[in-house]
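So the structure is just underneath, and the comments pick up after that.
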Amino acid sequence: MSETASTARAPVALLPSLVPLLHDWLPRQRWFAGKGRPVTGFTLASVTELLPLDTTGPGLLHLLVRVQQPGLGTAAQPDCYQLLLGVRTSLPPQLAPALIGRVPDGPLAGRTIYEGLRDPRLAALLLERLRTPGPMGPLRFSRTVVIPEGLTPRVLDAEQSNSSLVYGDAYILKVFRRVYPGANPDLELPLALARAGCTRVPAPVAWYETGNGRPEASTLGVLQPFLRGSQDGWQLALDSLAAGRDFTTEARALGRATAEVHTALADTLPTVALGRPQTENLVHGMSRRLDAAAQAVPALMPYAPGLRAAFEAVAGLRSDSRLWRAQRVHGDLHLGQTLRTQDGDWSVIDFEGEPAKPLAERRRPQPPVRDVAGMLRSFDYAARSHHPWNPDWAERCRDAYCTGYAEASGTDPRDEPALLRAYETDKAVYEVLYEARHRPDWLPVPMAAIRRLAAQTTTP
Ligand SMILES: Nc1ncnc2c1ncn2[C@@H]1O[C@H](COP(=O)(O)OP(=O)(O)O)[C@@H](O)[C@H]1O
Ligand SMILES: O=P(O)(O)O[C@H]1O[C@H](CO)[C@@H](O[C@H]2O[C@H](CO)[C@@H](O)[C@H](O)[C@H]2O)[C@H](O)[C@H]1O
């Protein structure tokens, strides 16, 4: 992404007057990754007038803003966020919940700034840009199919890491909030899977990014078919728990779907064999993440030795000559990333990986068991968030999922118990940090797994 502020006629000078508003609003957003650290400043990476700021109607400003926060190493780049700001002289009552604030001074003095995606007129304009590909100032819009015009937008109100808009129940646009240099795997992998003929993942039909298709161009948004009438795996799992219904048929089918996606990814993108140095690296990464998480969430401290033993067990395994294969994976697979469509099939969505990890790390080939571990954790999550706790339900689902995975891939994840346990542990550590930052009430759920996993490794 360009470091110099670029503009399609928009006044770069307007940032200082927006700063007080952003200071208050940005840290309160669910997708703001820097929670718990004060914001000390903003710099503008780019600003584009997607709809000109005249006084007669709403304007739409596209901003990439870097947020300075202490606590990052000196070499680290401040986090960059994508903002789509509506600008009006006054806000109609139906847009009141979208209010960010009134600009105190500067070129937009007295104008009202609000969350642009919540304004149907501005959301429609964004789709219009995607329908008509080409550059716009520092941004570039692309599409693979003809998209119908006039589709009615609505914001998806799910609590999530990004923002999504549904257009006419036909397409869903995901607007990435935290932006990194380089292609986002949530565009890259579904495109690769579509090319490989894998239908488990909705194929992107349009997207927009920074720059002119350069390798460091940042993906900003992806449009894909909306799977109307589908239900997400998390809700289905909770419904099954509430009704005391078995979920193993679904879990097994989900295992098969995961294996199909993995096979297609391995067929179409490079795979590597992990030798000793790479395995050591992998284990080192897990230990490093544990140390960082324990610093941030001291409740993890007493369990650290037991958890570390799970990682070391993997390093120990390298004395045999078997090599693990690494490939591109989903990276943050859980029940909420699966949709059961109206015809009863499972689709997999959201290939962005764990939002807190650097993009380069998320794009690295990894053992596919990492995704399996993510889903196993998710069955545990569902069982733990239902009262009364139903550990048998989770155990049966976990088994069925691995069975389905083995059926479709020929590889049973349970045949590598040490690797599976290490990845489950790594995921639970990530979840502790995630929940502490975003949903403290949920912290007991991964902490229960931490206690179980730490104890497991000490059992001979
Ligand atoms: N293609 C789709 N069809 C139907 N619903 C979808 C589709 N893609 C995403 N969703 C819905 O949008 C929600 C958020 O999408 P997701 O890609 O997981 O965003 P985030 O990265 O912000 O979590 C999902 O939980 C799902 O309910
Ligand atoms: O879906 P996202 O990409 O935003 O993923 C993040 O948020 C998830 C929660 O919404 C979080 O998932 C954790 O909670 C789920 C239940 O809400 C559970 O099914 C998952 O197993 C658990 O990890 C995910 O870790 C985080 O990256």
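Quick look at the values:
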{"quantity": "At R0 = 35 Å, FRET efficiency that the Cβ-Cβ distance of Ala109 and Arg37 yields, to 0.05", "calculated": "0.70"}
{"quantity": "Extension reserve of the Glu354-Asp169 stretch, reckoned as 0.36 nm per residue once the Cα distance is removed", "calculated": "63.9 nm"}
{"quantity": "At 1.002 mPa s and 20 °C, Stokes diffusion of the range 128-219 via Kirkwood alpha-carbon radius, µm² per second", "calculated": "151 µm²/s"}
{"quantity": "The range 257-337: trypsin sites (Lys or Arg not before Pro) in DSSP coil with no more than 12 other Cβ atoms inside 10 Å", "calculated": "Arg322"}
{"quantity": "Among Leu333, Ser161, Thr258 the positive-end extreme of the charge dipole of the chain (Cβ point charges)", "calculated": "Ser161"}
{"quantity": "Shape of the range 49-155, Cα gyration tensor, a/c cut at 1.5", "calculated": "oblate"}
{"quantity": "Neighbour-count order for Arg340, Arg143, fewest beta carbons within 10 angstrom listed first", "calculated": "Arg143, Arg340"}
{"quantity": "Descending principal axes extents, the range 218-353, alpha-carbon based, whole Å", "calculated": "47, 39, 35"}
{"quantity": "q = 0.06 Å⁻¹: log10 I(q)/I(0) that the Debye formula gives for the chain, counting C-alpha atoms only", "calculated": "-0.28"}
{"quantity": "Antiparallel content of DSSP bridges confined to the chain, in %, to 5", "calculated": "95 percent"}
{"quantity": "MRE, 222 nm, helices only [DSSP H, n ≥ 4, -39500 (n - 2.57), over the chain, to nearest 500]", "calculated": "-12500 deg cm²/dmol"}
{"quantity": "Nitroxide proxy distance, nm - points 7 Å out along Cα→Cβ at Ala158 and Glu407", "calculated": "2.6 nm"}
{"quantity": "Relative contact order [Cα under 8 Å, 6+ residues apart], the range 297-384, whole percent", "calculated": "33 percent"}
{"quantity": "Calculated FRET value between Arg30 and Asp343, using beta carbons and R₀ = 30 Å, to 0.05", "calculated": "0.40"}
{"quantity": "For the chain, with +1 on Lys and Arg beta carbons and -1 on Asp and Glu, the positive-most of Gly71, Pro133, Trp234 along the dipole", "calculated": "Gly71"}
{"quantity": "Extension gain, Ala299 back to Ala242 (0.36 nm per residue minus Cα-Cα distance, nm)", "calculated": "17.5 nm"}
{"quantity": "³J(HN,Hα) computed for each position of the range 268-280 - Karplus, 6.51 cos²θ - 1.76 cosθ + 1.60, integer Hz, glycine/proline x", "calculated": "9, 10, x, 10, 9, 8, 8, x, 4, x, 5, 5, 4"}
{"quantity": "Net dipole in debye of the chain [+1 Lys, Arg Cβ; -1 Asp, Glu Cβ; about Cα centre; nearest 20]", "calculated": "680 debye"}
{"quantity": "The range 361-460 - Kirkwood radius from inverse mean 1/r over Cα pairs (Å)", "calculated": "14.3 Å"}
{"quantity": "Rg [Å, one decimal], Dmax [Å, integer] - the range 188-247, C-alpha atoms", "calculated": "17.0, 53"}
{"quantity": "All lysines inside 18 Å of Lys35 as judged from Cα atoms, apart from same-chain residues fewer than 8 positions distant", "calculated": "Lys357"}
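Computed from the coordinates by the stated procedures, all read-outs in this text should not be read as laboratory data. Everything quoted here is computed from the prediction, not taken from an experiment. Here Cβ is always computed from backbone atoms with ideal geometry, including for glycine, and neighbour counts include all displayed protein chains.
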